[in-house]
Ligand code: GDP
Ligand code: MN
């Protein structure tokens, strides 16, 4: 889970990393009301969960008071790489004399923590790594090793930092490392780590990504308003799995697993569930003419999702035929098994053949079908949706 710059900086500050004085503003009025306390020049920074805001025009240094309102208006209306800007971080501007890079991440190839530093800050680290790899300096640590002061001092020297400033660099690197470990981060990055004209090192930017699976270990984050969120651009493990299977799939936060037939039916089904007071756990589309294999995979996604309490199936056989649908469901039942109640309605192209497949399979092994309620065209889809909602409520 990625953090906004303002969230990351709040945490950095707690760990003793110097950050500029700032406040968060959700509207032009809030910018107007608060900026005087910071004075000029100041920087308006779009808060979006992506980097490269500078290049996209999302960072604006302001030196004249009359620019503040029009610029705040412009920035709040911006979309950066598809992300709408909902708030601005208003910061006291730094007078930057040099920009460094400092980041900590996990090297997944060899299970090490990599502390990375460069004298070429401010730009994309990937770009530096590709074009001038000699400008990148790295300390790799085993997962239970700590970062020692001498290692941080060595990094500082390699960046050409000298004198007293070596100590402040080392202090920041150790603090960042402390943060990284304490919060189970996957990435903690300061780019740029700015050297001000007064000779202070300050985190001008902050980029953090936390391990979703470790969030429960940090209840203090929720108290700070940092809640688990689904983001564009960052897929959940289930969404990744679905993507590998080429199934259009999106996790939602309800408890009814949506097993649709046809995209239109999928959307309508979600609408019905909401209408009857239930909450879909996902949106899914079978992705056009699904094979029995794909149908089985769709059910695996739902059955293995611990959030799902009941599965709601609505298959309208069109080009994708009901017999293929039935084969897929039976395949799933035989090879995987169903662990939660499922209500399904099947109608349309080849439905008689579909029903026959179900009947045969059920006669063969009735136990596989214990948790399923099957319906055809005689029961309207609304009733099926209502039944699914009812079952989800009964499941608590
Ligand atoms: P990013 O583009 O999303 O990485 O956003 P940054 O926060 O890193 O800002 C991009 C660039 O804007 C930085 O590399 C700086 O050159 C510049 N910048 C950011 N904050 C300040 C500031 O306080 N003063 C000055 N002079 N430049 C800044
Ligand atoms: Mn940056």
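A compact table of results
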{"quantity": "Pairs with Cβ under 7 Å, 6+ apart, first in region 330-349 and farther than 13 Å from residue 260 by Cα, second in a loop (DSSP other than H, G, I, E, B)", "calculated": "338/371; 340/308; 340/309; 340/371; 341/371; 348/318; 349/318; 349/321"}
{"quantity": "Residue in region 222-234 that is in a helix (DSSP H, G or I) and touching a residue at least 40 places away in the same chain (Cβ under 8 Å) present", "calculated": "no"}
{"quantity": "Residue ID - nearest to the chain's Cα centre (by Cα), chosen from residues in region 204-216 that are more than 12 Å from ligand 1 (Cβ to nearest atom) and surrounded by 19 or more Cβ atoms within 10 Å (Cβ to Cβ)", "calculated": "210"}
{"quantity": "The listed residue being surrounded by fewer than 20 Cβ atoms within 10 Å (Cβ to Cβ), away from ligand 1 (no atom under 16 Å from the Cβ), within 30 Å of residue 105 (Cβ to Cβ) and at pLDDT 95 or above, out of 16, 34, 26", "calculated": "16"}
{"quantity": "Residues (under 30 Å from residue 210 (Cβ atoms), more than 16 Å from ligand 2 (Cβ to nearest atom), in a strand (DSSP E or B) and modelled with pLDDT of 95 or more) located in region 42-86", "calculated": "42"}
{"quantity": "Any hit, region 111-122, residues being in a helix (DSSP H, G or I), at pLDDT 95 or above, more than 16 Å from ligand 1 (Cβ to nearest atom) and in contact with a strand residue (DSSP E or B) (Cβ under 9 Å, 6 or more places away or on another chain)", "calculated": "no"}
{"quantity": "Strands (runs of 3 or more DSSP E) wholly inside region 240-310 containing at least 1 residues that are without any contact (Cβ under 8 Å) to a residue 60 or more places away in the chain, under 25 Å from the mean Cα position of the chain (by Cα) and under 15 Å from residue 384 (Cα atoms)", "calculated": "256-260"}
{"quantity": "Filtered residue count, region 37-58, keeping only those that are more than 7 Å from ligand 1 (Cβ to nearest atom) and free of Cβ contacts under 8 Å to residues at least 12 places away in the same chain", "calculated": "0"}
{"quantity": "Only one of 39, 34 that is away from ligand 2 (no atom under 16 Å from the Cβ), part of a helix (DSSP H, G or I) and more than 25 Å from the chain's Cα centre (by Cα)", "calculated": "34"}
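One line per residue, one yes/no per condition, for (1) at pLDDT below 95; (2) surrounded by fewer than 21 Cβ atoms within 10 Å (Cβ to Cβ); (3) within 16 Å of ligand 2 (Cβ to nearest atom); (4) not in a loop (DSSP other than H, G, I, E, B):
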| position | (1), (2), (3), (4) |
| --- | --- |
| 172 | no, no, yes, yes |
| 177 | no, no, no, yes |
| 180 | no, no, no, yes |
| 187 | no, yes, yes, yes |
| 202 | no, yes, yes, yes |
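The values are calculated or read from the model by the stated rules, or taken from the named source; none is laboratory data. What you see is a predicted model, and the numbers here were worked out from it, not measured in a lab. Neighbour counts run over all protein chains shown; Cβ positions are idealised from the backbone, glycine included.
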